[in-house]
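Reading through the structure tokens given below for one structure.
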Protein chains: 2
Amino acid sequence: MEFTNPKDVKKPLSVKDVAAANGGEITIHGGIHNIRDMGEFSFVVLRLPDGICQCTVESSCDFGGESICEEACVEVTGTVREEKRAPGGYEVVVKKGKVLSKPAAAMPICINKHKITAALENEIPLRNITLRNGNYRTRFRIQSDIVKGFRDYLDSQGFVEIHTPKINAKAAEGGANVFKMEYFGKKAVLAQSPQFYKQAMVGVYERVYEVAPVFRAEKHNTARHLNEYISMDFEMGYIDSFEDIMAVETGMLKLVMDRIREKYQREISLMKLDIPIIDTIPHVKFKEAKELIQAEYGREIKDPYDLDPDEEQLIGRYFKEKYNSDFVFVTHYPSKKRPFYAMDDPEDPNYTLSFDLLFRGLEVTTGGQRIHDYDEQVAKIIRKKMNPEDFATYLNIHKHGMPPHGGLGIGLERLTMRLFNDDNIRYSSMFPRDMLRLVP
Amino acid sequence: MEFTNPKDVKKPLSVKDVAAANGGEITIHGGIHNIRDMGEFSFVVLRLPDGICQCTVESSCDFGGESICEEACVEVTGTVREEKRAPGGYEVVVKKGKVLSKPAAAMPICINKHKITAALENEIPLRNITLRNGNYRTRFRIQSDIVKGFRDYLDSQGFVEIHTPKINAKAAEGGANVFKMEYFGKKAVLAQSPQFYKQAMVGVYERVYEVAPVFRAEKHNTARHLNEYISMDFEMGYIDSFEDIMAVETGMLKLVMDRIREKYQREISLMKLDIPIIDTIPHVKFKEAKELIQAEYGREIKDPYDLDPDEEQLIGRYFKEKYNSDFVFVTHYPSKKRPFYAMDDPEDPNYTLSFDLLFRGLEVTTGGQRIHDYDEQVAKIIRKKMNPEDFATYLNIHKHGMPPHGGLGIGLERLTMRLFNDDNIRYSSMFPRDMLRLVP
């Protein structure tokens, strides 16, 4: 009988391993990102998992009788030497090579410059291959570290990860922005958020989180909307106020930003990124925020119940200018615009104990305290002209005891978008879903 | 201006903190899991995030004038003392208490015994509240540690986490088992797997993983099928053989099982769980496995192209009996039953370079090497009587260069189910989705 042994797992080699092998021999593999023919020899740049590695290949070098080309996958063996002009400061002088696979056609779009210059509408259909570009590779590595930081911070604060169903009988947020489907002869919808489930799980574990796709059938084809995105949700019990939730988010963002600043120094300088330093985050009431930007920028208050994107921009600008903060919590949103489970402010029930977080003037989080008392929740459902019977299953959690609790949802792609100061969210989703796009 | 400070995050108190406070005073909060009236005093058992804590409450104890009941949420202050008969070995002698919230009705089902005895069909509709049961709380904490172990192991091996869309234009696996929906006037389907996307991302990062829901419209209402489940997927490039993939899975499972055995000693003994010790995992060819159980158990070979659940059970039994292994890789599945992207075995193209992993006789993983060469992939699509034009976007990755690669998908709920030796997968999904269930 044969056995599989975990000791046989092969370590992938990174650009760090190349540097560590300086002066010695190394065997690495990768896709050929770029070839520059210099006559006697060529510069062959390989993609390693975490960066690129320059190799010098003499024209006489043997690749087992095969020719090499961009996007061929190869294995090369050679000597590592310092070379200031090479990315990362080292290059491999190749002695022998092996072609592992070859493309059937040349790239239809240039991906091996720093950034892809093609327009989004031409580039997105080719995402399957354009993601091999260096800018995208860094971006989505950083995105994976945002998610990892979110989880690590919450793990350290006693949160438990949960998985909740995305095919639901009813929409948590209500309204028309819901994708419908048939489920074995029944009507079903895709989850707009894990709201009802994460609340139920507060009754189980006190603190829970979930990172998962959510689906919004919004008919906005804007630069900041996706119809499917990754929502980083958490929910916590035994809070004294919704400010407990904001404190957790602040701590989480601080950890995420500090880690990215530390881990991606080279990439940050190359891409000229400005990773926010978070100490504290200012918070301001919705109503006051409107008044502040009216006083400061002469912005007229048109809709007292909602913030439009321009107002969010101005509020972001105000707190950057006055407090040098990239983030600001806007609190106490009007009850009219918040869902039925939002807890009203006892001091003024026209407002709720809720908040949004703006990052450089863009809403990246919505959160707040939820109603935990059964009678209070039933009354608010009726006040909102909905039928409590439609929410019987959800209301079971209130009926059978829930602690004071609240939580939030963070849009991963929006957070990424702002970190990279992009003008379009489609750069921050590997395979974006919008009104016009289902492919790739 | 006011500021939110991460230093204000409140640490939740666990049963460990109670033990650490032995002899001193502590304030804890939780839902009341159980009250036993002893006359002069009551045993009040609180649910803490990671377990339960016994409190003794004298009948004269003041809860701010309020009465307490099961599933009320309370805060209590008292002295910790050793008490061998209490869960965890300590109890809190309560001096004063505060009622934070009260249920509107008594529990419709008993959740505070070790395990819920109600039948699944009566219990699942109440999952929102039955998950407060101790058995469920342990189960889904362990499940969250399975996922964490999966990620931690793969992170340590240079894998990058990815997020891929669940609303797709086409089904990766093909066939009829796909949920259909309308997407802004276009036909769409829910992802059966991230297959096409994770393969594309091998061209980007070499090694990638995703933990996300997948959707299968299978019309089986069995004890081991869910129509929505969590798939733990990884895909890796530059493999020498599909055995490289099996080695990674073996290493990952070893880490997961070792961690669970270490972290949940008390719960494992309480629930009489048998957590497998993994050193190596035997592997056997599909054809040989059939022959082995024919010779050993007289099991007639009916369908030479597939394994039925009984055969999987017998193979599992064989490797338990002969090699004391809870796991066995069955390799080289017939090409007929594997998807069009599976690489055929060059030694016998009737079989593929693929595998399933059986855990105690249940398939928990399907994986294998994929075709990376463009012409080879186009030829196999045609051989399978499909149209390469339908896969033009997917085929872009092969056309523009892919390394030898492969990967697998692991069903989280099935892995959990086998770990707990359950007869029904619905115990291992918080909110199961089957043909009859969309709620809760």
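The values are calculated or read from the model by the stated rules, or taken from the named source; none is laboratory data. Note that this is a predicted model, so its numbers are computed, not measured. Note that each Cβ is placed from the backbone with ideal geometry, even for glycine, and that neighbours are counted across all protein chains shown.
Some observations on this one:
- Condition met for residue A:319 (buried (at least 23 other Cβ atoms within 10 Å of the Cβ) and either among the hydrophobic types (A, V, I, L, M, F, W, C) or over 29 Å from residue A:386 (Cβ atoms) (or both)): yes
- Of the strands (runs of 3 or more DSSP E) lying entirely inside the range B:322-402, those containing at least 3 residues that are within 14 Å of chain A (Cβ to nearest Cβ) and of a type in the set (Val, Ile, Thr) span B:327-331.
- Unique residue being closer than 30 Å to residue A:268 by Cβ and either in a strand (DSSP E or B) or in contact with a Phe, Trp or Tyr (Cβ under 8 Å, 6 or more places away or on another chain) (or both) when the list is A:188, A:217, A:172, A:212: A:212
- Residue match in the range B:265-280 (condition: within 28 Å of residue B:192 (Cα to Cα), in contact (Cβ under 8 Å) with a residue 60 or more places away in the chain and part of a helix (DSSP H, G or I)): no
- Filter result (touching a strand residue (DSSP E or B) at 6+ places or on another chain (Cβ under 9 Å), in a loop (DSSP other than H, G, I, E, B) and exposed (fewer than 14 other Cβ atoms within 10 Å of the Cβ)) within the range B:292-313: B:304, B:305, B:306
- Residues (over 18 Å from residue B:90 (Cβ atoms) and either among the polar types (S, T, N, Q) or surrounded by 21 or more Cβ atoms within 10 Å (Cβ to Cβ) (or both)) located in the range B:33-65: B:59, B:60
- In the condition set (1) in contact with a Phe, Trp or Tyr (Cβ under 9 Å, 6 or more places away or on another chain); (2) modelled with pLDDT of 95 or more; (3) over 30 Å from residue B:437 (Cα atoms), residue B:273 is compliant with all but (3).
- Filtering B:17, B:50, B:8 for residues that are more than 19 Å from residue A:201 (Cα to Cα), in contact with a Lys or Arg (Cβ under 9 Å, 6 or more places away or on another chain) and of a type in the set (D, E, K, R) leaves a single hit, B:17.
- Boolean, residue B:423 is in a loop (DSSP other than H, G, I, E, B), of a type in the set (Asp, Glu) and either surrounded by fewer than 20 Cβ atoms within 10 Å (Cβ to Cβ) or away from chain A (no Cβ under 12 Å) (or both): yes
- The residues on offer are B:129, B:109, and the sole one that is of a type outside the set (D, E, K, R), free of Cβ contacts under 8 Å to residues at least 60 places away in the same chain and surrounded by fewer than 22 Cβ atoms within 10 Å (Cβ to Cβ) is B:109.
- Test: residue in the range A:280-292 that is in the same structural domain as residue A:141 (by TED's automatic domain parsing) and under 21 Å from the mean Cα position of the chain (by Cα): yes
- Applying the criterion of being farther than 16 Å from residue B:438 by Cβ and of a type in the set (Lys, Arg) to the residues of the range B:206-227, the residue that is nearest to the other protein chains (Cβ to nearest Cβ) is B:207.
- Pairs linking a residue in the range B:20-34 that is in the same structural domain as residue B:82 (by TED's automatic domain parsing) to a residue that is surrounded by fewer than 13 Cβ atoms within 10 Å (Cβ to Cβ), with Cβ atoms under 8 Å and 6 or more positions apart or on different chains, are B:22/B:82.
- Of all residues assigned to the range B:241-253, at least one qualifies as being more than 18 Å from residue B:417 (Cα to Cα), polar (S, T, N, Q), in contact (Cβ under 8 Å) with a residue 40 or more places away in the chain and surrounded by fewer than 23 Cβ atoms within 10 Å (Cβ to Cβ).
- In summary, residue B:153 fulfils each of the numbered conditions (1) closer than 18 Å to residue B:228 by Cβ; (2) buried (at least 23 other Cβ atoms within 10 Å of the Cβ); (3) not aliphatic (A, V, I, L, M) with the single exception of condition (1).
- In the range B:172-200, the residues that are within 9 Å of chain A (Cβ to nearest Cβ) form Cβ pairs under 6 Å with partners that are buried (at least 16 other Cβ atoms within 10 Å of the Cβ) and in a helix (DSSP H, G or I), at six or more places apart or across chains, as follows: B:196/B:394; B:200/A:128; B:200/B:397.
- Positions within the range B:228-257 being charged (D, E, K, R) and within 11 Å of chain A (Cβ to nearest Cβ), in sequence order: B:228, B:240, B:243, B:244, B:249, B:254
- Only one entry of A:236, A:246 meets the criterion of being modelled with pLDDT of 95 or more and out of contact with any Lys or Arg (no Cβ under 9 Å at 6 or more places or on another chain), and that entry is A:246.
- Checking each residue of the range B:251-266 against the condition of being at pLDDT below 95 and either hydrophobic (A, V, I, L, M, F, W, C) or in the same structural domain as residue B:356 (by TED's automatic domain parsing) (or both) gives at least one match.
- Single residue of the range A:2-38 satisfying the filter (within 7 Å of another protein chain (Cβ to nearest Cβ) and assigned to a helix (DSSP H, G or I)) that is nearest to residue B:278 (Cα to Cα): A:6
- Test result for residue A:202, part of a strand (DSSP E or B) and either closer than 17 Å to residue A:398 by Cα or out of contact with any Leu (no Cβ under 6 Å at 6 or more places or on another chain) (or both): no
- Hits in the range A:48-75 - residues which are of a type in the set (Ser, Thr, Tyr) and part of a strand (DSSP E or B): A:56
- Residue in the range A:196-253 that is nearest to residue A:377 (Cα to Cα), counting only those that are touching a helix residue (DSSP H, G or I) at 6+ places or on another chain (Cβ under 7 Å) and among the β-branched types (Val, Ile, Thr): A:239
- Across the range B:327-341, the number of residues qualifying as of a type in the set (A, V, I, L, M, F, W, C) and surrounded by fewer than 24 Cβ atoms within 10 Å (Cβ to Cβ) comes to 1.
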